[in-house]
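A.B. asks: Quick one: the structure is below, questions incoming.
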Amino acid sequence: MSVVAEPVGEVRARPAVSRGLGNRFLQRYGTLLILLALCLVFTIIGPWRTAREACNLWEQVTAFTLVKNGQVCGPVFASQVNILNLVRQVSVIGIVALGEMLVILTGGIDLGVGSIVGFTGVVAAALQRDNAGLLPTLLVPLLLGGTTGLVVGILVTKGNIPSFVATLGVLAGLQGATLVFTNAQPITGLKEDFRTIGTGYLGAIPLPIVIYAAAILATGLLLGRTTFGRGIYAIGGNESAARLSGIRVDLFKTLVFVISGLGAALGALILTARLNSGQPNSGQGYELDAIASVVIGGTSLSGGRGTVLGTLAGALLIGVLSNGLVLMNVSPYYQPIIKGAIIVGAVLLDQVGRGRRT
Amino acid sequence: MHTDARRPLVEMRGMSKAFPGVQALQSVDLDLHAGEVHAVVGENGAGKSTLMKILAGVNHADAGSVRLQSRPIQNANPRQALERGVTMIHQELNLAPNLSVAENVFLGRAPTRGGLIDWSRLYADAEALAARLGIELDVRARVEDLSVARQQTVEIAKALSLDARVIIMDEPTSALTERETEALFDIIARLKGQGVAIAYISHRLDEIFRVADRVTVLRDGRLVGTLPIGEATPPRLIGMMVGRELTTLFPKEAVEIGQPVLEVRHLRRTGVLDDISFVLRHREILGLAGLVGAGRTELVRGLFGADPLNAGEILIQGRPVHIRSPRDAISLGLGFVTEDRKLQGLVLGMTVRENETLASLAQISRAGLLDTNRETTLAARLVEQLGVRTPSLEQEVANLSGGNQQKVVIAKWLATQPRILILDEPTRGIDVGAKAEVHALMSRLAHDGVSILMISSELPEILGMSDRILVMRQGRVTGEFTREQASQEAIMACAA
């Protein structure tokens, strides 16, 4: 008589709910499309290096040349100077967003990064003013950022406080600490070697961009190639399954806050060096830009899904938007409105692309 | 309007439905008569849920017609179906946990007086409905304080309050104890008496023989046949479901049982576990029987370091051990296939590969760096070994069928090369074919030297697979049987 074990009726894997090719394309590259579209718009309708009348776009394109009457005739937005400047500006938010992404991937959120940027920035400036030397100026802020993350991580994992609340405390607390520390006055007197971090070049590439690129690479490797990274995704995807699989959930959840704090401090060093002063209100609102970059980049706020390249695209999108609007002379009062609309639009497009999941 | 008494209440004709890549239904007919319990059975993916969802307005058919009392209808959405008296009670209940029973029953339709809720009438109406179901139900209790079985009766009461003429039940007993199941069958009998047509989806054949009047079998989206229950036998139904006859459901091999591998002494967790002692031997399959709530899951979670224990001693291969976390348990050679694969077993958004290696990352990494080649090799070997049906290793497990998801969970633990494997309801909610494969695998693992501790609420499974059986009741071990001594009656006598 037959035994059940071997041939069993075909059990089919039910295919995922219908997602058309177009939708899948949108889901994958939606952010990138918006980014490219924005760049195109700012290139064409933004200012050109010479008067637009002298510089008929159609003539230039058909003539395959951007030189007319011996003058370079190109869009300001797409110029090398502007692009490098843009990416240099993005690198601070971009680095902060990388740490933020790790926290969000585990299903948490870090609202404290903006205040950490502010606080560690003025501490760095004060160390410079008091001639503490380059190394302490770099290490002390990083240590402060990391410690703040450690405290948050312990509060979240051992104290069972939601990360939203714990980091809201950091947001308020460090903002106040910054004002107390500086007496609400900017701190100046930064030394040349420290300022290099914000203003220097490696070859033709500004140092902040080099640091940002290294951070992207490191985060990408961490997420894709280490057990820690795999654990981060697993915790965000299903925390109890991760715990039961022997993942060190509490340790990893604490570490992502530490990294987020370190990222914020690193961003603060670049920002302070570039501004050539410690501004008591710098970093304010950075948490929102960082979270926006992460979310625009396709990371799920409930955790478990998201990529480094997505977050890069998200940060660039915000940077391009700010930069382009300034170039187009849009009133600073209108800029946040446009920014808000584009942020919501990008996420909406992502959702449409994802389709309705059952 | 006069309707012919012999004419079915619901007539579905030529129902077809395609999802991308799969024809879920192909020209299926189904009749439901008033006062009839009609079981719909088939393996996972056979199309029974799709068919029922079309009736309930959740899915839309590509072709075919539905008549309700001879009138053609097309339920555009569940709300429209409800208005026509067709209700589906899903496996996942749809109740507002923080509201009272009565509020849930009349959600959005509470009787009002002067714009405010008329509480006394609300409670009175809810009590009247409970009486119609023949049950005692505290209509003022909050739903979250009720057992799953009670919550289900709230759903049924809600359906009745909407004058449901057709009630579709999708695996209604999967979370119920035996006693609660009996109570549900009483309710079903009462509904029948009131002329309600019931479509009953279940994997449990014994239940179908208990409650159904007729049974329809689907396979691969096609209708295999509809039989009066009197003409059906379990082998015949299984044969229709899988396309051939199955004779041996539990392929337990006799193995030579060795020395104790796991010894548990006087384990205690206040209010949950009371002085539990037992031994698990090399190559043994030890069945853990009992009613839901007897403390079986709590016991194995405690053993695995997932829940705290207050007192007791655990020895592995004769050595006392302290298990403070699942991580400790894994390093001591324990594996734990949890009861609920979606909530605790799988990371649904991750791929087959990532899920399979999740508990053995140390094995495929050096200094925290993953060796992706070794990972892929390991994952591919497990897919092959367990016969996981997946288009690729990179498929998200959310897209696999229940049986294949369960195989992925088991694969995750096999990857850790456990000496002791804990299986909590290993075949719950998976179809007959996959179930047989899991049983064959258990037998093979025991043969290869793994000791297995299996919790199951299905007595045939306990009796069929275990070398020895422990019975628990209210946090205590109340009985122990060898394979030869055990019988359904003896186990139930200890469990209830």
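Bear in mind these aren't lab numbers, they're just calculated from the coordinates by the rules spelled out. Just so it is clear, the model here is predicted, and its values are computed rather than measured. Note that each Cβ is placed from the backbone with ideal geometry, even for glycine, and that neighbours are counted across all protein chains shown.
A.B. asks: So how do B:10, B:409, A:180, A:140 line up by other beta-carbon neighbours within 10 Å, fewest first? Please list the in-between numbers first.
C.D. replies: Numbers: B:10 22, B:409 27, A:180 10, A:140 17.
Ranked by crowding around the Cβ, least crowded first: A:180, A:140, B:10, B:409.
A.B. asks: So how much slack lies between residue A:29 and residue A:210, counting 0.36 nm per residue of separation and subtracting their Cα-Cα distance, in nm? Don't jump to the answer; show the numbers that get you there.
C.D. replies: On the way: separation 181, 0.36 × 181 = 65.16 nm, distance 2.51 nm.
Residue separation times 0.36 nm, minus the Cα-Cα distance, leaves 62.6 nm.
A.B. asks: Could you sort out which of B:17/B:53; B:53/B:412; B:407/B:435 sit more than 21 Å apart by Cα distance in this structure? Could the numbers behind the result be given before it?
C.D. replies: Values: B:17/B:53 11 Å; B:53/B:412 33 Å; B:407/B:435 10 Å.
Among B:17/B:53; B:53/B:412; B:407/B:435, the Cα-Cα distance tops 21 Å for B:53/B:412.
A.B. asks: Also, I was wondering about something else. At what distance in nm do the modelled label points of residue A:184 and residue B:213 sit from each other, each positioned 7 Å from its Cα along Cα→Cβ?
C.D. replies: With each label placed 7 Å out from Cα toward Cβ, I get 8.2 nm.
A.B. asks: How big is D for region B:161-275, in µm² s⁻¹ as a whole number, if Stokes-Einstein is applied with the Kirkwood radius of its Cα pairs at 20 °C and 1.002 mPa s? Show your work: numbers first, answer last.
C.D. replies: Numbers: Rh = 18.0 Å.
So the translational diffusion coefficient is about 119 µm²/s.
A.B. asks: Can I ask one more? Arrange A:328, A:101, B:442 by Cβ neighbour counts within 10 Å, fewest through most, would you? If you can, show how the numbers build up before the last one.
C.D. replies: Working: A:328 14, A:101 32, B:442 24.
Least crowded to most crowded, the residues run A:328, B:442, A:101.
A.B. asks: Need one number: convex hull volume per residue for region B:260-495, Cα atoms only, in Å³.
C.D. replies: Working: hull volume 27.8 nm³, N = 236.
Per-residue hull volume (Cα only) is 118 Å³.
A.B. asks: Report the extension gain between residue B:112 and residue B:185 in nm, rounded to one decimal, defined as 0.36 nm multiplied by the number of residues separating them, less their alpha carbon distance.
C.D. replies: Here the answer is 22.9 nm.
A.B. asks: If you take the charge dipole of the protein assembly as shown about its Cα centre, with +1 on Lys and Arg Cβ and -1 on Asp and Glu Cβ, which of A:200, B:54, B:285 is farthest toward its positive end?
C.D. replies: A:200
A.B. asks: Based on Cα coordinates alone, diagonalise the gyration tensor for the protein assembly as shown, multiply each eigenvalue by 5, take square roots, and list the semi-axes in whole Å, largest first.
C.D. replies: Values: eigenvalues 636, 252, 145 Å².
For the protein assembly as shown, the semi-axes come out at 56, 36, 27 Å.
A.B. asks: What's the long-distance tail for region B:10-242, i.e. % of Cα pairs beyond 23 Å?
C.D. replies: Numbers: 13205 of 27028 pairs.
Roughly 49 percent, once rounded to a whole number.
A.B. asks: Quote the convex hull volume per residue of region A:79-352, based on C-alpha atoms, as a whole number of Å³.
C.D. replies: Numbers: hull volume 36.1 nm³, N = 274.
Dividing the Cα hull volume of region A:79-352 by its residue count gives 132 Å³.
A.B. asks: A further question on this structure: For B:277, B:161, what ranking results if the residue with the fewest other Cβ atoms within 10 Å of its Cβ goes first?
C.D. replies: Values: B:277 12, B:161 17.
So the ranking, lowest neighbour count to highest, is B:277, B:161.
A.B. asks: Then there's this: Starting from the Kirkwood Rh over alpha-carbon pairs, what translational D in µm² s⁻¹ does region B:404-496 have by Stokes-Einstein at 37 °C and 0.692 mPa s?
C.D. replies: For these conditions, the coefficient is 233 µm²/s.
A.B. asks: Okay, next question. Work out the length of the dipole vector of region B:260-495 about its Cα centre, built from +1 on the beta-carbon of each Lys and Arg and -1 on the beta-carbon of each Asp and Glu, and round it to the nearest 20 debye.
C.D. replies: In debye, rounded to 20, region B:260-495 gives about 420.
A.B. asks: Any chance you could check the Cα centroid distance between region A:262-280 and region B:133-156 for me, in angstrom?
C.D. replies: 59
A.B. asks: Right, another one. Taking the Cα centre of region A:79-352 as the origin and placing charges on Cβ (Lys, Arg +1; Asp, Glu -1), which of A:86, A:306, A:168 is farthest toward the positive end of the dipole?
C.D. replies: A:306
A.B. asks: Next question, about the same structure. Can you tell me the Rg and the Dmax, both Å, for the Cα atoms in region A:123-228?
C.D. replies: 17.3, 48
A.B. asks: Now, a different point. Multiply the residue separation of residue B:493 and residue B:254 by 0.36 nm, subtract the distance between their alpha-carbon atoms, and state the gained length in nm to one decimal.
C.D. replies: Details: separation 239, 0.36 × 239 = 86.04 nm, distance 2.68 nm.
Length difference between fully extended and current span is 83.4 nm.
A.B. asks: Now for a separate question. What FRET efficiency comes out for residue A:177 versus residue B:343 if R0 is 35 angstrom and r is the Cβ-Cβ distance? Round to the nearest 0.05. Let's see the in-between values first.
C.D. replies: Working: r = 41 Å, r/R0 = 1.18.
That pair, residue A:177 with residue B:343, gives E of 0.25.
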